[in-house]
1. Quick one, can you get me the convex hull of the C-alpha atoms of the stretch 1-115 expressed as volume per residue in Å³?
2. Run the simple label-point estimate for Asn80 and Lys55 please: 7 Å along Cα→C-beta, distance reported in nm.
3. How large is log10 I(q)/I(0) at q = 0.08, 0.10, 0.13 Å⁻¹ when the Debye formula is applied to the Cα atoms of the chain, each weighted equally and without solvent?
4. Taking the Cα centre of the chain as origin, work out the dipole magnitude from +1 charges on Lys and Arg Cβ and -1 charges on Asp and Glu Cβ, in debye rounded to 20.
5. Quote the relative contact order of the stretch 6-218 in percent (integer), defining contacts as alpha-carbon pairs under 8 Å separated by 6+ residues.
6. With each label point set 7 Å from Cα along the Cα-Cβ vector, what nm distance links Lys132 and Glu153?
7. I'd like the antiparallel share, as a percent to the nearest 5, of DSSP beta bridges with both residues in the chain.
8. I'd like the per residue volume of the convex hull spanned by the Cα atoms of the stretch 63-107, given in cubic angstrom.
Amino acid sequence: MPKSIKISPSILSANFGILGKEISDLEKAGADLIHVDVMDGHFVPNITIGPDVIKDLRQHTKLPFDVHLMISPVHKYIKNFAEAGADIITIHPEATDNIEKSIQEIKSFGKKVGISLNPETKIEKVTPFLNKIDLVLIMSVNPGFGGQKFMPEVLGKIKILREKIDKEKYSVEIEIDGGINFENAKLAINAGANILVSGTTIFKNNQGNLKKNINLLKKN
Ligand code: DX5
Ligand code: ZN
């Protein structure tokens, strides 16, 4: 069982007109990381923000930027996100023709590496790289939009990964992303996730009381 649970609020559910303030409010409310969803309208059917926005947001918090790249081809843009101030750069195996090369590219900038598995993506896409990466991001919705329904069938992948990581003593965190709420957070933690991403639950519940919502997720 993981010892401490971290919360990485997804700013996809924030007010994009006041993103700087939203981010500093998240820090004050006790967030551990800031989850930044980058979408290109091609790898996923939605468009969000790019490196220039991340660069300007950097001054609003000292928290690590947990940047989830849903763009394809991803490789040539890694440098831009690294230089913009990303701390963790997570990519999808389907978005690069050479995952090993993309892992090395992220590392070359001194950044942490994450690999994300879509609900239908097999665990074997990440297991060969567990000794080279820092994080596995398990998608519990099909990526593209906030506010979707949690898919409990991905919990089995988390369990297998957690056992493997603990047994082999890999230094890899397991993050879950999509549809996390106060009820299913416990299931994700029990399966072995130690970082919870949440957009809708953190920004929309309890009249948007960020502190309360972060604490409620952590308490699970
Ligand atoms: C989905 C994104 C998620 C999502 C989380 O493509 O990667 O980060 O926005 O938002 P909720 O918590 O609303 O599912
Ligand atoms: Zn995400």
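Where a number appears in this text, it was derived from the coordinates with a stated rule and is not lab data. Since we're looking at a predicted model, the values are computed, not measured. Neighbour counts are summed over all protein chains in view; Cβ atoms, including those assigned to glycine, are modelled from backbone coordinates with ideal geometry.
1. Here the figure is 118 Å³ per residue.
2. In this crude spin-label approximation the distance works out to 1.0 nm.
3. -0.24, -0.38, -0.67
4. Dipole of the chain, to the nearest 20 debye: 640 debye.
5. Working: 424 pairs, mean separation 43.1, N = 213.
About 20 percent, as a whole number.
6. 3.0
7. DSSP beta bridges in the chain are roughly 5 percent antiparallel.
8. Convex hull of Cα atoms, per residue: 60 Å³.
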